[in-house]
Amino acid sequence: MRCPMASETSFQQEFAIEGGDFNNAGRASSRLRNILKQIGISPLVIRRVSTASYEAEMNVVLYARRGTLSFMVTPEKITIVVEDEGQGIADIGLAMQEGYSTASREIREMGFGAGMGLPNIKKNADELEISSEVGLGTTVRFSVKI
Amino acid sequence: MSNRIHSLYIDPGKCDGRMACLRVCPTEAIRVRGGKARILEDRCIDCGECITTCPSNAIVPLTDSFTDFSKFQHVVAIPSPVLYGQFSDIVLPDHILSALRKIGFDDVGDVAQACELVSMAIEEFWAQYQGPRPVISAFCPTIVRLIQVRFTDLSELLLPIESPMEIAAREVKLKKSKELGLSQSRIGAIYVTPCPAKMVAIRRHPRKKKSFLDGAVSIADVYGPLLSAMSDQEAVIEGREMRKVSGIGLGWPILGGVIKSLKLKNCLAVSGLSEVIRIFEEIEKGKLRDVEFIECRTCPAGCIGGSLTVENPYVARSKIVKLLEIFGEQPQQNTDYIKKLYRAKYFLLDEKLQLRPVRPLAEDVSQAIQLMKQKQGIYEGLPKIDCGACGSPNCMAFAEDVVRKEAKLTDCIFVLLERQSASSGGSGQSAEHGGEKADDSQGRRRETRFKGKNSF
Ligand SMILES: Nc1ncnc2c1ncn2[C@@H]1O[C@H](COP(=O)(O)OP(=O)(O)OP(=O)(O)O)[C@@H](O)[C@H]1O
Ligand code: SF4
Ligand SMILES: [Mg+2]
């Protein structure tokens, strides 16, 4: 299943994310973090990648039925794609604003829903692309340079 | 080879490669090669889990023997307050301290007082602290090691305050060298330790050039001699050592004792290595930022449950609780004096913790990426049952060992059998090209119902 576009020196993998599964929430990001450590990526880059990927992963847990986190590491950059099947985002511009959140009270009580997730991804990524279709799902794709 | 100092020794004569240690090690630091267990030095955090698990008693803690102390002119025992909970209820700290003199120490120092000093120092530190939260206590050396090797991102959260055993030793040395007109180097400060981890922290201080302590003996080693010294009826000089002790410091050996001594609002006490690891993972994700301080300990009951103690930890706990009643919770140390010491950086540990993160697969990123691919390929061809028969703790670790050339692929019995049946004309698939999908590093779950449409 290797993508023909991937350069010879690249490593890629994919993890599943279950919507609403709080027990395993964050696991994909933490596995990604471990892999980056073994590849010897600098701590600063690892921190940026894992902060951003954790936010994207949590959004799937919170707002979607299920999704995947896939990543590709090359000597130049790390690209992460988090895509889901879920409610989708109607107005991406609005969702990107700091403090904007549609999180329910229960979710807020669990400590999420500050409306800082997407802005945080933007802050930590060198490139970011979000596409979404209401009722179908959302794809968040970002990369961090090494 | 690493120049690490370790608290453990695996006796090859006794080890019969039963693999029990392989699984309990929280940092995957043990391998069994050629039928004998050995420790990967750079991964070991001295937690002692393997000592208690080994069915052959082949893993032993290394502590100093009494005789090593002859180079000092004046030898002072500095017992962990854990020692105060090891004997019957009627034995008070004073009895224990005077028994330590009887068994041959020239002098004794008390750590409970230092605990109170340190708790005041933490208050001072906190009053000015503006940095990231939660601050993590650094008194359990295994926790510090865990951060050094596995949670390097959390190192900036470690409390930069010296531990009570060090402060106690420093105080004793200052005082005794003045009293006796001896240079400090002629005074030996020997910790009476509840665990091998403290021992290692003394031999090599994680955040300083040198420890103020010169060695350690285990509580288990002095227990017998102390008992017999206490049974001969010589009068104890009451109250001599313990004038300035209160329940504030005496409570430190129990889980929660540290945060109880602080006047902070939002603190946690977490114990047991797996629980601590879970909390650290939460912090890594950016959670628990509203918590001010976390007291972390390897031993589930706190230091009273250290692996070199004698008394059952729950019994020891109730004894310490009784002592707290006797000594009361009134502060006994002079606040202004502590403030002055604090300002003079007496308690401060300003050296950065040396991190020892996992060694990358290769120094060069491109090469590491290649090896990572190889590792994943090897892993995919393994049975993913984590049997440990290869001598590595699980299939993923084995794949890594092969890539690092620390194991041969045919050390896996399944690969070996496949190869043999393949070479004898069977149709076994070669392991490197096994077709299964990459998954969980633990091999626990098989995904995925939903597959991303995406590709790169
Ligand atoms: N994958 C997604 N699917 C559907 N809606 C999403 C998704 N990701 C984000 N959103 C919407 O965008 C809003 C803003 O997301 P963002 O991650 O910035 O904040 P939040 O998740 O509400 O709070 P925080 O991330 O700070 O806990 C969310 O409240 C949600 O309405
Ligand atoms: S918690 Fe256990 S390992 Fe940690 S310092 Fe205390 S006795 Fe030692
Ligand atoms: Mg979010």
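The values are calculated or read from the model by the stated rules, or taken from the named source; none is laboratory data. From a predicted model like this one, the values you see are computed outputs, not experimental measurements. Ideal geometry is used to build each Cβ from the backbone, glycine not excepted, and the neighbour counts take in all protein chains shown. Heavy atoms of the whole protein, side chains included, go into the accessibility calculation; ligands, DNA and RNA do not. Shrake-Rupley method; radii C 1.70, N 1.55, O 1.52, S 1.80 Å.
Some observations on this one:
- Of the set (1) more than 18 Å from residue A:19 (Cα to Cα); (2) assigned to a loop (DSSP other than H, G, I, E, B); (3) within 12 Å of ligand 3 (Cβ to nearest atom); (4) within 14 Å of chain B (Cβ to nearest Cβ), all apply to residue A:120 but (2).
- Scanning region A:80-100 for residues that are within 12 Å of ligand 3 (Cβ to nearest atom) and more than 14 Å from chain B (Cβ to nearest Cβ), we see that the one that is surrounded by the most Cβ atoms within 10 Å (Cβ to Cβ) is A:89.
- Considering A:68, A:74, the condition of being of a type in the set (S, T, N, Q), closer than 14 Å to residue A:12 by Cβ and surrounded by 21 or more Cβ atoms within 10 Å (Cβ to Cβ) is satisfied by A:68 alone.
- Output for region B:345-355, where each listed residue is at pLDDT 85 or above and surrounded by 12 or more Cβ atoms within 10 Å (Cβ to Cβ): B:346, B:347, B:348, B:349, B:353, B:355
- Within region B:279-330, the only residue that satisfies the criterion of being surrounded by fewer than 23 Cβ atoms within 10 Å (Cβ to Cβ), among the hydroxyl-bearing types (Ser, Thr, Tyr) and within 10 Å of ligand 2 (Cβ to nearest atom) is B:307.
- Of all residues in region A:37-47 being over 15 Å from residue A:13 (Cβ atoms) and within 7 Å of another protein chain (Cβ to nearest Cβ), the one that is surrounded by the fewest Cβ atoms within 10 Å (Cβ to Cβ): A:43
- Restricting the search to helices (runs of 4 or more DSSP H) fully inside region B:132-229 and requiring at least 3 residues that are out of contact with any strand residue (DSSP E or B) (no Cβ under 9 Å at 6 or more places or on another chain) and farther than 30 Å from residue B:287 by Cβ gives B:164-180.
- Across region B:43-66, a minimum of one residue is classified as away from ligand 1 (no atom under 16 Å from the Cβ), in contact with a helix residue (DSSP H, G or I) (Cβ under 9 Å, 6 or more places away or on another chain) and within 14 Å of chain A (Cβ to nearest Cβ).
- Qualifying residue in region A:22-36 (condition: within 18 Å of residue B:369 (Cβ to Cβ), at pLDDT below 95, open to solvent by 50 Å² or more (accessible area, probe 1.4 Å) and more than 16 Å from ligand 2 (Cβ to nearest atom)): yes
Matching residues to (1) within 31 Å of the chain's Cα centre (by Cα); (2) open to solvent by 10 Å² or more (accessible area, probe 1.4 Å):
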site	(1), (2)
B:338	yes, no
B:343	yes, yes
B:367	no, yes
B:372	yes, no
B:383	no, yes
B:387	yes, yes
B:401	yes, no
B:408	no, yes
B:423	no, yes
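- Some residue of region B:133-140 being in contact with a Phe, Trp or Tyr (Cβ under 9 Å, 6 or more places away or on another chain), farther than 26 Å from residue B:307 by Cβ, open to solvent by 40 Å² or more (accessible area, probe 1.4 Å) and not aliphatic (A, V, I, L, M): yes
- The listed residue being away from chain A (no Cβ under 14 Å), modelled with pLDDT under 90 and either open to solvent by 40 Å² or more (accessible area, probe 1.4 Å) or part of a helix (DSSP H, G or I) (or both), out of B:244, B:265: B:244
- Here residue B:326 passes the criteria (1) over 29 Å from the mean Cα position of the chain (by Cα); (2) in contact (Cβ under 8 Å) with a residue 12 or more places away in the chain; (3) farther than 22 Å from residue B:118 by Cα except the one numbered (3).
- When region A:48-60 is filtered for residues that are more than 9 Å from ligand 1 (Cβ to nearest atom) and either more than 15 Å from residue A:142 (Cβ to Cβ) or facing chain B (nearest Cβ under 9 Å) (or both), the ones remaining, listed by number, are A:50, A:51, A:54.
- The residue pairs whose first member lies in region B:6-30 and is closer than 16 Å to residue B:44 by Cα, whose second member is open to solvent by 60 Å² or more (accessible area, probe 1.4 Å) and among the aliphatic types (A, V, I, L, M), and whose beta carbons are closer than 6 Å, counting only pairs six or more residues apart or on different chains, are B:7/B:62; B:9/B:62.
- Residue A:112 under 24 Å from residue B:280 (Cα atoms), more than 9 Å from chain B (Cβ to nearest Cβ) and either within 16 Å of ligand 2 (Cβ to nearest atom) or surrounded by 19 or more Cβ atoms within 10 Å (Cβ to Cβ) (or both): yes
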